[in-house]
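Below is one structure, written out as structure tokens; comments come after it.
The values are calculated or read from the model by the stated rules, or taken from the named source; none is laboratory data. Just so it is clear, the model here is predicted, and its values are computed rather than measured. Note that each Cβ is placed from the backbone with ideal geometry, even for glycine, and that neighbours are counted across all protein chains shown.
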Amino acid sequence: MPNLSYLANDSPGRFDPKPGRPVMKAIVTTGNGGYEKLLYRDVPIPVPGNGDLLLKVLAAGVNNTEINTRIGWYSSSVTNGTQESSTSGSDCEIDDGGWNERTPFPLIQGTDCCGEVIEQGADVSGSMIGKRVLVRACMRLHSYDSPENIWMGSDFDGAFAQYVKVPASEVFEVRCAWSDVELATIPCAYGTAENMVHRAKVSASDHVLVTGASGGVGSAVVQLAKRRGAHVTAVVGPSKMDLMKDLGADRIISREADLMAKLGKSSISVVIDNVAGSGFGQLLKVMARGGRYASSGAIAGPMVTMDMRDFYLKDLNLIGCTAWDEPVFANLIGYIERGEIKPLVAKVFELGDIAIAQQQFMKKNHFGNFVLVPLQ
């Protein structure tokens with residue numbers, strides 16, 4: 001299990017430059033609120049402790065979760081979808097607005113990290129120096145028998161910086177021809193997607209319905225479900241239907257369509273849904289008896305209407321997916337190295353342009369992932 005004793009260091013002054021101590025550029029999120037909470041500034045380079053590695057950040061992906069954490073969207077007081085909420089973030093700190101209740105602001109966010117190991121602390125076996133790595137962003141606090149977890153960039157400082165300190169147990173070397181930017185699209189989106197596909201036990205006998213299929217997680221689900229041999233139906237906006245063909249979706253349906261009319265009752269064995277909102281009820285209608293529904297998000301809104309009869313009369317399984325299971329990240333590294341999945345890079349920004357990147361991200365006009373690259 002990761003050594004995370006340094007998480008207790010939540011002093012607001014920890015980002016103040018210290019005499020004689022080297023500094024780096026980082027994005028410091030100062031609290032809940034709008035883009036004005038994102039400060040591009042000098043902060044001390046972290047020092048690896050026992051069991052830690054210091055990475056030079058080569059590229060860092062942009063995800064919904066960083067925006068959600070900044071605006072406090074995870075709070076039970078928020079009922080809107082992520083896009084609507086992103087324009088009205090609270091200006092005061094929200095006690096239950098983060099992954100694990102209160103977010104430890106000020107914080108360096110950044111869940112996705114492709115990096116190079118440049119220093120290692122005591123008690124790290126072997127040498128990782130010089131290796132190109134990905135960081136498993138979702139970390140189990142105790143063991144994989146417990147769902148308790150914390151996330152890099154949400155619960156402790158992450159990759160929106162030139163350097164990041166991480167537990168060595170959460171770092172995975174990756175050997176492939178992909179670029180640093182391409183690798184940075186993987187951890188959060190593909191880890192989340194693989195966790196849902198893994199938990200739902202997707203196999204070649206399944207017909208999988210994927211909502212929000214053109215997003216970072218959705219497009220990863222399409223690839224990962226197809227990799228397991230499943231028949232995949234993707235739900236996307238009308239402007240992105242042609243783009244889904246290259247990912248291998250067997251059928252593509254507009255998100256504006258009537259799913260019952262298009263698919264028929266009890267036609268789907270697995271639903272992977274990170275959209276939720278007003279369309280949730282339809283998803284249960286098209287599920288077959290004994291079907292599995294998995295979710296790790298609710299971009300269209302967390303409040304849904306559910307007919308309990310669909311749930312219990314059809315013996316459905318509703319699976320919540322936040323904590324990643326142990327095989328998930330190692331699986332992804334193998335898929336990359338064997339060429340079984342492909343990255344989808346929508347656009348690359350300099351680290352200091354994070355506000356521009358997030359503003360464009362929330363327009364949802366892109367296909368794939370945004371990536372930030374620190375100046376070195």
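Couple of notes before you dig in:
- Pairs, first in contact (Cβ under 8 Å) with a residue 40 or more places away in the chain in the range 194-212, second of a type in the set (S, T, N, Q) and in a loop (DSSP other than H, G, I, E, B), C-beta under 8 Å, six or more apart: ASN195/SER296; MET196/SER296; HIS207/SER267; THR211/ASN274; GLY212/ASN274
- Residues of the range 222-261 that turn out to be under 18 Å from LYS201 (Cβ atoms), among the charged types (D, E, K, R) and without any contact (Cβ under 8 Å) to a residue 60 or more places away in the chain, as a count: 2
- The residue that is surrounded by the fewest Cβ atoms within 10 Å (Cβ to Cβ), counting only those in the range 318-376 that are assigned to a loop (DSSP other than H, G, I, E, B) and of a type in the set (Lys, Arg), is ARG338.
- 1 or more residues more than 30 Å from SER127 (Cα to Cα): qualifying helices (runs of 4 or more DSSP H) within the range 154-256: 187-199, 216-227, 241-245
- Against the conditions (1) more than 24 Å from the chain's Cα centre (by Cα); (2) modelled with pLDDT under 95; (3) surrounded by 18 or more Cβ atoms within 10 Å (Cβ to Cβ), MET241 satisfies every one except (1).
- Test: residue in the range 262-272 that is within 17 Å of the chain's Cα centre (by Cα), touching a residue at least 60 places away in the same chain (Cβ under 8 Å) and within 27 Å of ILE333 (Cα to Cα): yes
- Filtering the range 273-287 to residues that are of a type in the set (A, V, I, L, M, F, W, C) and either surrounded by fewer than 20 Cβ atoms within 10 Å (Cβ to Cβ) or free of Cβ contacts under 8 Å to residues at least 40 places away in the same chain (or both) leaves ALA276, PHE280, LEU284, MET287.
- Conditions (1) of a type in the set (Lys, Arg); (2) crowded, with 18+ Cβ neighbours inside 10 Å; (3) in the same structural domain as ALA234 (by TED's automatic domain parsing): number failed by ARG136: (3)
- In the set TRP151, TRP178, only one residue is at negative phi, in contact with a Phe, Trp or Tyr (Cβ under 9 Å, 6 or more places away or on another chain) and either surrounded by fewer than 24 Cβ atoms within 10 Å (Cβ to Cβ) or at pLDDT below 95 (or both); that residue is TRP151.
- Verdict on GLY126 being at positive phi, assigned by TED's automatic domain parsing to the domain that holds LEU351 and touching a Gly at 6+ places or on another chain (Cβ under 8 Å): no
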